[in-house]
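Engineer: Before we start, here is the structure in question, set down as structure tokens.
The values are calculated or read from the model by the stated rules, or taken from the named source; none is laboratory data. Being a predicted model, the structure only gives us computed values, none of them experimental. Cβ placement follows ideal geometry from the backbone for every residue including glycine, while neighbour counts extend to all protein chains displayed.
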Amino acid sequence: MNEHTESHAMVKIESLCKRFADLRALDNLALTVNKGDIYGFIGPNGAGKTTTFRILATIMKQDSGSVRIDDIESTCGDKIRSLIGYMPDVFGVYEDMTLYQYLDFFGAAYWIPPAKRKVLVNDILALTDLTFKKDAMVQSLSRGMQQRLGIARVLIHDPKLLILDEPASGLDPRARIELRELLKELSLMGKTILISSHILSELSDICNRVGIIEQGKTVFEGSREELEDRIAGQRVISIDTVPTDRDKALALLRAAPFTNSVKLENGTISLTLHEHMAERSEIPTFLVEHGCSIARFQAEEISLEKAFMSLTEGKLA
Ligand SMILES: Nc1ncnc2c1ncn2[C@@H]1O[C@H](COP(=O)(O)OP(=O)(O)OP(=O)(O)O)[C@@H](O)[C@H]1O
Ligand SMILES: [Mg+2]
């Protein structure tokens, strides 16, 4: 990798290894998060996401391999800790404290002077939409509010990098949208965000970059568009045209260079695309331009399992 790219990296992990007795939890893991990224770190249960995050947060030591955050080696623990805000997957909230007291407490732990702290805590409460719960007890919060408080807490020392372990887990759709909005806002404020999930689709519409790991190894890393492109062959697209245009559409799609398989099932056209030919959004335009009216166009959600199948194909063979 050239120097130019290097200087844009907020997180650079190379050949990271971590064993627990006989288990290789991380097996030469590599990962690069660029400044300004909202990076989705995706893998099934036990893949090594939390282990990676704990090493990044300097609360666990790797066996070997290098971790650099903002060009600082992970051995410089104190410097690293001031750069990052780490929200663990499970975090205890302290009982018998109001939200205000809770955040004020963390502010004090970072030696932020009282006057400045007051402004800061109020700002962060507003940012995370928790002002209305300022004087409520932390244990009285709903799951979604607790997750937002968790994020509020890691913002106190104004870190450049947020490391959020499964922040969307257990949230209802509405709370998930609110979380997404908050992450977008933080990104606009200049934060780099590294966020994990075991559900591919949960992060796919917010992240600009994605890393997929399995058994401690990186299976894929790239932009979201690259990921879409790589897994496109697995994605089944179904199209209903108006009945009179069906045969024409079928013939057009069968002859098109970008389609892999084209079938007609119960009156619905279902197709897959060739890898690297995947601008599925262009298909409706293609059909319409050739005079076919579309009644329904739907691209199937890609599950993590299917993505793995597609991404590890060849590697396993
Ligand atoms: N402290 C530990 N001692 C022993 N084994 C561990 C320890 N921490 C993690 N492991 C093992 O390492 C592997 C990776 O675990 P890790 O928690 O990093 O996975 P994860 O990707 O975060 O999974 P999940 O989606 O379930 O949170 C698992 O097999 C786990 O059992
Ligand atoms: Mg985990």
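Engineer: Which one of the conditions (1) surrounded by 13 or more Cβ atoms within 10 Å (Cβ to Cβ); (2) modelled with pLDDT under 95; (3) within 27 Å of Leu149 (Cβ to Cβ) does Ser74 fail to meet, given that it meets all the rest?
Structural biologist: (3)
Engineer: So Tyr100 fits all but one of (1) under 25 Å from Val219 (Cα atoms); (2) not in a loop (DSSP other than H, G, I, E, B); what number is the exception?
Structural biologist: Status for Tyr100: all satisfied but (1).
Engineer: Checking Gly36 against (1) in contact with a strand residue (DSSP E or B) (Cβ under 7 Å, 6 or more places away or on another chain); (2) within 16 Å of ligand 2 (Cβ to nearest atom); (3) part of a loop (DSSP other than H, G, I, E, B); (4) among the small types (Gly, Ala, Ser), only one condition comes out false. Which one?
Structural biologist: Just one mismatch for Gly36, condition (2).
Engineer: Shifting gears a bit: As an exercise: evaluate Gly107 against (1) outside the structural domain of Ile156 (by TED's automatic domain parsing); (2) within 23 Å of Met189 (Cα to Cα); (3) assigned to a loop (DSSP other than H, G, I, E, B) and give the number of the one condition it does not meet.
Structural biologist: (3)
Engineer: Restricting attention to segment 186-199, and to residues there that are within 16 Å of ligand 2 (Cβ to nearest atom) and closer than 12 Å to Tyr39 by Cβ, which single residue is surrounded by the fewest Cβ atoms within 10 Å (Cβ to Cβ)? Write out each step before concluding.
Structural biologist: Taking segment 186-199 as the starting set, the residues that turn out to be within 16 Å of ligand 2 (Cβ to nearest atom) are 194-199.
Cutting the leftovers down to closer than 12 Å to Tyr39 by Cβ gives us 194-197.
Working: Leu194: 26, Ile195: 24, Ser196: 25, Ser197: 22.
Looking at the filtered set, the residue picked out is Ser197.
Engineer: Kindly evaluate Gly85 against the criterion of being in a strand (DSSP E or B) and either within 26 Å of Val138 (Cα to Cα) or at pLDDT below 95 (or both).
Structural biologist: yes
Engineer: Hey, any hits in segment 15-30 for a residue that's within 25 Å of Gly222 (Cβ to Cβ), more than 13 Å from ligand 1 (Cβ to nearest atom), surrounded by 18 or more Cβ atoms within 10 Å (Cβ to Cβ) and among the charged types (D, E, K, R)?
Structural biologist: Looking through segment 15-30, none of the residues is within 25 Å of Gly222 (Cβ to Cβ), more than 13 Å from ligand 1 (Cβ to nearest atom), surrounded by 18 or more Cβ atoms within 10 Å (Cβ to Cβ) and among the charged types (D, E, K, R).
Engineer: Does any residue of segment 144-166 turn out to be modelled with pLDDT under 90, among the charged types (D, E, K, R) and closer than 19 Å to Thr52 by Cβ?
Structural biologist: No, segment 144-166 contains no residue that is modelled with pLDDT under 90, among the charged types (D, E, K, R) and closer than 19 Å to Thr52 by Cβ.
Engineer: From (1) surrounded by fewer than 21 Cβ atoms within 10 Å (Cβ to Cβ); (2) of a type in the set (A, V, I, L, M); (3) modelled with pLDDT of 95 or more, pick out the condition that doesn't hold for Met10.
Structural biologist: Just one mismatch for Met10, condition (1).
Engineer: Considering Thr75, Thr58, Thr98, which residue is hydroxyl-bearing (Ser, Thr, Tyr), away from ligand 2 (no atom under 16 Å from the Cβ) and either in contact (Cβ under 8 Å) with a residue 60 or more places away in the chain or touching a helix residue (DSSP H, G or I) at 6+ places or on another chain (Cβ under 6 Å) (or both)?
Structural biologist: Only one candidate passes the filter, namely Thr58.
Engineer: Given the options Glu166, Glu202, name the one that is in a loop (DSSP other than H, G, I, E, B), surrounded by 15 or more Cβ atoms within 10 Å (Cβ to Cβ) and in contact with a Lys or Arg (Cβ under 9 Å, 6 or more places away or on another chain).
Structural biologist: On the way: Glu202 fails: in a loop (DSSP other than H, G, I, E, B).
Checking each option against the conditions leaves just Glu166.
Engineer: Can Gln139 be described as of a type in the set (S, T, N, Q) and within 20 Å of the chain's Cα centre (by Cα)?
Structural biologist: no
Engineer: Take the residues in segment 32-86 that are within 17 Å of the chain's Cα centre (by Cα) and either of a type in the set (S, T, N, Q) or not assigned by TED's automatic domain parsing to the domain that holds Leu149 (or both), then tell me which one is farthest from ligand 1 (Cβ to nearest atom).
Structural biologist: Asn34
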